[in-house]
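Take a look at the structure set out below.
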Protein chains: 2
Amino acid sequence: MNAKVSFMYSTLAAAIAGISGSALAADEPIQPIRPVQQINLSQVELGKKLYFEPRLSKSGFISCNSCHNLSMGGTDNLKTSIGHNWTQGPINAPTVLNSSLNVAQFWDGRAADLKAQAGGPIANPGEMAASHTLAVEVLSSIPDYVIEFKQVFDTDQITIDEVTQAIAEFEKTLVTPNSRFDRWLLGDKNALNATELAGYNLFKTSGCVACHNGPGVGGNSFQKMGLVEPYKTDNKAEGVAGLTGKDADRFKFKVPTLRNVALTYPYFHDGAAQTLTDAVDTMGRLQLGKKFTPEENAQIVAFLKTLTGEQPTFLIPILPPSNDKTPPPKPFG
Amino acid sequence: MNAKVSFMYSTLAAAIAGISGSALAADEPIQPIRPVQQINLSQVELGKKLYFEPRLSKSGFISCNSCHNLSMGGTDNLKTSIGHNWTQGPINAPTVLNSSLNVAQFWDGRAADLKAQAGGPIANPGEMAASHTLAVEVLSSIPDYVIEFKQVFDTDQITIDEVTQAIAEFEKTLVTPNSRFDRWLLGDKNALNATELAGYNLFKTSGCVACHNGPGVGGNSFQKMGLVEPYKTDNKAEGVAGLTGKDADRFKFKVPTLRNVALTYPYFHDGAAQTLTDAVDTMGRLQLGKKFTPEENAQIVAFLKTLTGEQPTFLIPILPPSNDKTPPPKPFG
């Protein structure tokens, strides 16, 4: 093929790709994030308030958004989180973005879904340090909340069930469609440059995609951290073994989503990898037995950065005030 | 006057009041909050990001919004705030709402304006625990910030001067016009009910208005806490005496704004009054030598609740990510 024909051929191929983009994407191991589909909007609006509600914590200071900060990729960008009384958390806070796509919640999958997850931190002494009883008592003391729960759930009695349901429904809206990679998947073949495409090809051919696949580019299976070489860490988290007691499940964690990974540093369950370069290098060696060259590493990192989607944006919620009957927060002792 | 004539007279009076509302308001000791006037919008947008930016703190966890939470009346609703390493703050966090109307900033007025104030918490070891050098180093490592500072301030070198200038400009937008009381001041005589009006009259005739006046209903003078009876507290704050060393300035504090006071509980510099009822009772006795009856207290409280204005609403800012060169936060040690 001479240069001119080759050019025409590429142009034709691009045109075909443009037309049949979705068909091509179906052959890829990663699928685009879908924008929000069926949702209960009244629950979403209530859940948004509750997500930003520090009065669900004993101190009155910590909300869901404290550690899953929607200004920062749905994380706190800390190795491990800060909880009640400045308690150091045991594990890296996973992003809430696209968490509705996960097969289960928490690194060890101990919560089946977002609703089951939402109750955990509220009652965890090292996180929000309240109790479900206290959280419900606080909300039930505030007439505006009583009315909104009545409107949304047709109930006269707030329970933790409606609280976590509303938070989970809000979290379902926290998807990030329209990343450059998704536009490429959907047929815009100019959305990625040559380096990024080379990175994606390496990502597929090196085996990364064996675990990081699907719309979440992860989040849909549990895998052992340190398959080829053992993972060394001071972090005490055991992974699934903490639930099953089985030695074979030690260091088995939910594969994290790589969506918005450029925003969700530091990486791994212990937050030990501060940069994507580190994370890719470690993953290559420990999981795949591969030492990526600096160029390969840079290509994969370039690809990973194309996974940053549109961040959820919304008006900051205005919370209804406490009143004389509301149990005051107890930040100190 | 018979009932019918009386009714007509009231209607006529209301109509006149409606027409000449602003003239009448000029005779009142409280003036309406004006909506945002001249502002540098590019500084506002940058300042909004910085206001929500936890990387201005050593831990990477605390932002301006942590203690001056715009979902909760610009306060944390705690007696005293939680700072770095869960340090208990020395004084109640004042609301940031309408703080541009204050004669000076902080309870003791030690900062002349919002810009001077903004630098304080960043470098305070018990609050955000960073330094101005560190804060600037972090921002300067992030290309998106470098570009935005260049756009906004036409500078290649970020300094704390631009950081605090942008935060202050954002804070100037945090005014809360259009409260029911302001609508009354502006001529809508139906905006207040009889109880609220009775409360306002008591507020004026009892002497509250001697200190709580102007558009901020306070914030424009320094007064001694415990004029008639001494104020008893375990709180160690000395007020203006902490700056001047003069015994006469002991317990002299900036009179807090009563705008949005229904949202800014608990009250006083030590946060000792949890409810408006408590606060009104204590103020009456200690500052005015008056013991309000329960009915009078309730009327004043009803008036105070009409001072809640429109809360600032805006899209939550999305912060640009750190990168390999950004100094990581140090939450623990």
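The numbers here are math on the coordinates, done by the rules we state, and not lab data. For clarity, every value in this text was computed on a predicted model and none was experimentally measured. Please note: Cβ atoms are built from the backbone with ideal geometry, for glycine as well, and neighbour counts cover all protein chains shown.
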Assuming R0 = 30 Å, can you tell me the calculated FRET efficiency for the pair residue A:113 and residue A:315, based on Cβ-Cβ distance, to the nearest 0.05?
0.65
Once you keep just the Cα pairs under 8 angstrom separated by 6 or more residues, what percentage relative contact order results for chain A?
25
I'd like the mean, over residues of B:78-89, of how many other protein chain beta carbons sit within 10 Å of each residue's own Cβ.
4
In deg cm²/dmol and to the nearest 500, what is the mean residue ellipticity at 222 nm of the protein assembly as shown if only DSSP H runs of at least 4 residues count, each as -39500 (n - 2.57), divided by the residue total?
-11000 deg cm²/dmol
Specify, for chain A, the residue whose C-beta is closest to the rotation axis mapping it onto chain B, with the distance given in whole Å.
A:86, 2
Pairs of lysines 8 or more apart, or on different chains, with alpha carbons under 24 Å: count those in segment B:41-172, would you?
13
Using Cα positions and a limit of under 18 Å, work out the lysines in reach of residue B:305, with same-chain residues fewer than 8 apart set aside.
A:325, B:189, B:204
If you take the Cα Rg of segment B:160-208 and divide it by 2.2 N^0.38 Å, with N the number of residues, what do you get?
1.79
With N residues in segment B:271-315, Rg(alpha-carbon) / (2.2 N^0.38 Å) equals 1.44
Taking just the alpha carbons, could you work out the radius of gyration and Dmax for chain B, both in angstroms?
22.1, 82
Unit charges on C-beta of K, R, D, E only; dipole of segment B:41-172, Debye:
400
Of the convex hull drawn through the C-alpha atoms of segment A:256-297, the volume per residue in Å³ is 75
Scattering from the C-alpha atoms of the protein assembly as shown alone, worked out with Debye: what is log10 I(q)/I(0) at q = 0.05, 0.09, 0.12 1/Å?
-0.28, -0.83, -1.31
Measuring from a point 7 Å out along Cα→Cβ, what nm distances, shortest first, does residue B:106 have to its partners in the other copies?
4.5
Run through the other copies and list how far each one's label point is from that of residue A:157, in nm with one decimal, shortest first; the point sits 7 Å from Cα along Cα-Cβ.
6.7
Report the charge-dipole magnitude of segment B:206-279 in Debye, nearest 20, computed about the Cα centre from +1 at each Lys and Arg Cβ and -1 at each Asp and Glu Cβ.
200
Top mean-square fluctuation among B:160, B:30, B:316, Gaussian network model of chain B, C-alpha springs under 10 Å?
B:316
What's the whole-number percent of alpha carbon pairs in segment A:44-111 lying beyond 20 angstrom?
31
With the dipole of segment A:176-284 defined by +1 on each Lys or Arg Cβ and -1 on each Asp or Glu Cβ, the option from A:276, A:208, A:228 whose Cα lies farthest towards the positive pole is A:208
Around residue B:39, with a cut-off of 11 angstrom between Cβ atoms, what is the net charge of the other residues, counting Lys and Arg +1 and Asp and Glu -1?
-2
Hey, if you put +1 on the Cβ of every Lys and Arg and -1 on every Asp and Glu Cβ in segment A:194-265, which of A:260, A:239, A:194 ends up farthest toward the positive end of that dipole?
A:239
Hull volume per residue for segment A:41-172, using the convex hull of the C-alpha atoms, in Å³ is 98
Dipole of segment A:41-172 [Lys/Arg +1, Asp/Glu -1 at C-beta], most positive-end residue of A:92, A:103, A:146:
A:92
Which of the three applies to segment B:235-286, rounded, prolate or oblate, going by the alpha-carbon gyration tensor with a ≥ b ≥ c and a/c under 1.5 meaning rounded?
prolate
